[in-house]
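The values are calculated or read from the model by the stated rules, or taken from the named source; none is laboratory data. Everything numeric here is computed off the predicted structure, so don't read it as measured data. Note that we place each Cβ from the backbone using ideal geometry, even for glycine, and neighbour counts take in every protein chain shown. For accessibility, only protein heavy atoms count, side chains too; no ligands or nucleic acids. Shrake-Rupley method; radii C 1.70, N 1.55, O 1.52, S 1.80 Å.
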Amino acid sequence: MQMPKLKAVIFDLDGVITCTDEYHYLAWKKLFDRLGIEFSRRENEQLKGIGRRESFELIAGGKFSGDKVDRYLREKNEYYIKFLDNNKLSPLPGITKLLEQLNSAGISKAVASGSRNAPQILNNLGMTACFEAIVDGSMCTKSKPAPDLFLLAAEKLCVSPAECVVVEDSQAGIQAAADAGMKSIGIGNYLRNADFCLADTRLLDISIVLSFNF
Ligand code: G6P
Ligand code: MG
């Protein structure tokens, strides 16, 4: 039997490519403070990687009627966009180096994010052309921890899931990668089931990607 060969690295966006995870937190905080619902960084940990509506339901599930929820989701997104408008984004340390290393090694690169703002953020960063495929939250009905976003990214790159490594900072994303049949590098110290864990993106290097047994 022929062993799969590493062909692609699929990156999460928020908290991996850039620090927009912080702006998601601040926007949720602003909304929940206004609604008088307790919300801290501790609760925010559960929201990493999961969709906008699912996030709201986790924190405030059952408290509001359907059209109110839609209004609050729009409000959260408006706060989020305002944070993006008021702050200049840059890639997190280690990301540009890894993308260059992957380019030199002929390994494909994709983004798979549950955020519908992902294309705009990559555009703001001037990084759209760095990836051969970009999958965002509008392209799949199921967000992470479902494997769909990663599977779609592999399909767009014309590679099989077993030929991919995922870089992820959320527990939902690590779960999604495992269920997609992909290896994963977790960014952060508390991610269960990642194939490899790094405290920080600055430690990313192609040698880690290549150290997986393909
Ligand atoms: C990603 C982020 C989440 C965010 C979700 C939806 O999964 O990690 O924090 O809630 O995308 O993002 P959006 O920009 O569409 O509200
Ligand atoms: Mg993330």
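The long axis of helix 148-157 is offset from the longest Cα principal axis of the chain by roughly 40 degrees.
Annotation: amide H of V135 within the under-5 Å range of V111, A112, S113, sequence separation 5 or more or interchain, hydrogens built in the peptide plane. Please give the calculated 222 nm ellipticity per residue for the chain, where each DSSP H segment of at least 4 residues contributes -39500 (n - 2.57) and the sum is spread over every residue; nearest 500 deg cm²/dmol? Theoretical 222 nm ellipticity from helices: -13500 deg cm²/dmol. Holding the Cα-Cα limit at 19 Å, pick out from K144/K183; K30/K68; K5/K142; K109/K183; K88/K142 the pairs that are longer than that. Over 19 Å apart, Cα to Cα: K5/K142; K88/K142.
Note on the chain: semi-axes of the ellipsoid equivalent to its C-alpha gyration tensor, largest first and rounded to whole Å, are 30, 18, 16. What angle, in degrees between 0 and 90 and rounded to the nearest 10, separates the Cα long axis of helix 95-105 from the longest principal axis of the Cα atoms of the chain? Roughly 30 degrees, rounded to the nearest 10. Residues with beta-carbon under 14 Å from that of R71, excluding R71: net charge, scoring Lys, Arg +1 and Asp, Glu -1? Residues near R71 contribute +3 overall. Once the Cα atoms are used to define both axes, helix 171-180 deviates from the longest principal axis of the chain by about 50 degrees.
Summing +1 for each Lys or Arg and -1 for each Asp or Glu among the other residues whose beta-carbon sits under 12 angstrom from that of C158 gives -1. Between region 1-46 and region 64-117, the C-alpha centres lie 9 angstrom from each other.
The local environment of E57, defined by Cβ-Cβ distances under 14 Å, has a net charge of +2 under the rule Lys, Arg +1 and Asp, Glu -1.
If you wrap region 21-85 in the convex hull of its Cα atoms and look at it from every side, the mean projected area works out to 3.9 nm².
Heavy-atom surface analysis with a 1.4 Å probe gives region 1-94 a carbon and sulfur content of 48 percent of its accessible area.
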